[in-house]
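Peer 1: What follows is a structure written as structure tokens; I'll ask about it next.
Each value in this text was obtained by applying a stated rule to the coordinates, not by laboratory testing. Predicted, not measured: the structure shown is a model, and the values here were computed from it. Please note: Cβ atoms are built from the backbone with ideal geometry, for glycine as well, and neighbour counts cover all protein chains shown.
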Amino acid sequence: MLRVAIDGPGGTGKSTIAKAVASRFGLEYIDTGAMYRALGLKALRNGVPAEDENAVKAMLDETVIDFAGGKTMLDGEDVSGLIRTNEISMAASNISKLAIVRAKVDEVSRFLASTKDVVMEGRDIGSTVIPDAEVKIFMTAAPEVRAKRRYDQLREAGKEADYDKIFNEIQQRDYQDSHREVSPLRQAEDAVYLDTSDMTIEENIDAVADIITEKTGRAV
Ligand code: DC
């Protein structure tokens, strides 16, 4: 069994790296943030405020989230593209504060990790979701670098991007994700700390692959 947990703040490039590493090692890639994003999207669409726990609970009871062929499915609808906006980033961060929401996402995540070898990415995978993961990495980068990466990513996708707005949003989300009561963003004691501020994507992928090889003896 091989479970690689990659945690860290938003905009670190975790998704890009985790995906590449998963394909290199032949592992399944699971993006737990996508589940919070899908729930944030549904809450926004249905006018359910994150503060109203009863309403959120009712929403959760009639929500099915699934990953089919690398797509994020919300009640049977492919929302993979729709959830990649700044608005949904904040909605996801807001709704992820609630213990009932976390319990639902944790349940799906643990089930997925029990059926196959995975690279699972999020905020609390090594600390809470799979505390006995074979490899744990805490990946981060300076907020300025993360804002610039997100900016470039949006521009490359042909979307509007405002650097200052992105920078502020990253700082706000960092604060919110690290200060919530339930399962905040934090480095697991036994996680390898990786600052990627000065790394290219290739160097970052190699660094993560080296950690996996070092911890498990598995090489590619
Ligand atoms: O990784 P991301 O930017 O797609 O995550 C969106 C939000 O979801 C993030 O701001 C906080 C929340 N999240 C979380 O609380 N725990 C996780 N394991 C993954 C994401």
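Peer 1: Is there a quick way to get the dipole size of the stretch 26-168? I mean about its Cα centre, with the Cβ of Lys and Arg at +1 and of Asp and Glu at -1; what is the value in debye to the nearest 20? List each step's numbers first, then the result.
Peer 2: Details: 20 positive and 25 negative charges, 71 e Å.
For this selection, approximately 340 debye.
Peer 1: Please give me the summed charge of the neighbours of Ile125: other residues whose Cβ is under 11 Å from its Cβ, Lys and Arg +1, Asp and Glu -1.
Peer 2: Numbers: positive: Arg3, Lys14, Arg110, Arg123, Lys136; negative: Asp7, Asp31, Asp106, Glu121, Asp124.
For residues surrounding Ile125, the net value is 0.
Peer 1: How much length is gained on full extension from Glu62 to Asp117, taking 0.36 nm per residue of separation minus their Cα-Cα distance?
Peer 2: Values: separation 55, 0.36 × 55 = 19.80 nm, distance 2.88 nm.
Between Glu62 and Asp117, full extension yields 16.9 nm more.
Peer 1: Kindly state, to the nearest 0.05, the FRET efficiency for Glu214 paired with Gln172, given R0 = 35 Å and r defined as their beta-carbon distance.
Peer 2: Working: r = 35 Å, r/R0 = 1.01.
In this case the efficiency is close to 0.50.
Peer 1: To continue, here is another question. Placing +1 on the Cβ of each Lys and Arg and -1 on the Cβ of each Asp and Glu in the chain, which of Gly10, Ile83, Thr213 has its Cα farthest towards the positive end of the resulting dipole?
Peer 2: Of the listed residues, the answer is Ile83.
Peer 1: Now for a different question. Ranked from highest to lowest mean number of other Cβ atoms within 10 Å per residue, what is the order of the peptides 8-14, 33-39? Spell out each step's value before the answer.
Peer 2: Details: 8-14: 23.3, 33-39: 24.9.
Packing proxy ranking, top to bottom: 33-39, 8-14.
Peer 1: Further, regarding this structure: Using alpha-carbon pairs under 8 Å, 6+ residues apart, how would you state the relative contact order of the stretch 2-137 in percent?
Peer 2: Details: 187 pairs, mean separation 65.7, N = 136.
Reported relative contact order: 48 percent.
Peer 1: Here's another thing I want to ask about it. How big is the dipole moment of the stretch 24-78 about its Cα centre under a simple scheme where the beta carbon of each Lys and Arg is +1, that of each Asp and Glu is -1, and everything else is neutral? Debye, nearest 20, please.
Peer 2: The dipole magnitude comes to about 240 debye.
Peer 1: I'd like the antiparallel share, as a percent to the nearest 5, of DSSP beta bridges with both residues in the chain. Could you put the intermediate results ahead of the total?
Peer 2: Working: 6 of 23 bridges.
In the chain, approximately 25 percent of DSSP beta bridges are antiparallel ones.
Peer 1: Order these by the 10 Å Cβ neighbour count, fewest first: Val108, Val56, Val101.
Peer 2: Working: Val108 16, Val56 21, Val101 25.
Listing Val108, Val56, Val101 from fewest to most nearby Cβ atoms yields Val108, Val56, Val101.
Peer 1: Lys14: which aspartates and glutamates have alpha carbons under 12 Å from its alpha carbon, excluding same-chain residues fewer than 8 sequence positions away?
Peer 2: Asp31, Glu121, Asp195
Peer 1: Let me ask something else about it. With unit charges on the beta carbons (Lys and Arg positive, Asp and Glu negative) and the dipole taken about the Cα centre of the stretch 49-161, which residue among Leu112, Pro49, Val145 sits farthest to the positive side?
Peer 2: Most positive-ward Cα: Val145.
Peer 1: By how many nm would the segment from Glu202 to Asp132 grow when fully extended, if each residue of separation counts as 0.36 nm and the alpha-carbon distance is taken off?
Peer 2: Details: separation 70, 0.36 × 70 = 25.20 nm, distance 2.77 nm.
Net length gain for the segment: 22.4 nm.
Peer 1: May I pose another question? Over the stretch 146-220, what is the relative contact order in whole percent, taking alpha-carbon pairs under 8 Å and six or more residues apart? Don't skip to the end; give the middle numbers.
Peer 2: Values: 26 pairs, mean separation 11.0, N = 75.
With pairs under 8 Å counted, the relative contact order is 15 percent.
Peer 1: If you don't mind, there's one more thing I want to ask. Please go through the residue pairs Lys42/Lys71; Lys19/Lys159; Lys97/Lys165; Lys57/Lys215 and name each one whose alpha carbons sit more than 28 Å apart in this structure. Mind dumping the intermediate values first?
Peer 2: Working: Lys42/Lys71 16 Å; Lys19/Lys159 22 Å; Lys97/Lys165 23 Å; Lys57/Lys215 40 Å.
Distance filter (> 28 Å) returns Lys57/Lys215.
Peer 1: Still on this structure: Amide H of Val192: which non-local residues (sequence gap of 5 or more, or other chain) have their own amide H closer than 5 Å, using H built in the peptide plane?
Peer 2: Here the answer is Lys136, Ile137, Phe138, since their amide H atoms fall under 5 Å of that of Val192.
Peer 1: With a 10 Å Cβ neighbour count serving as the proxy for reagent exposure, in which order, fewest first, do Glu134, Glu87, Glu181, Glu121 appear?
Peer 2: Going from least to most buried by this count: Glu181, Glu87, Glu134, Glu121.
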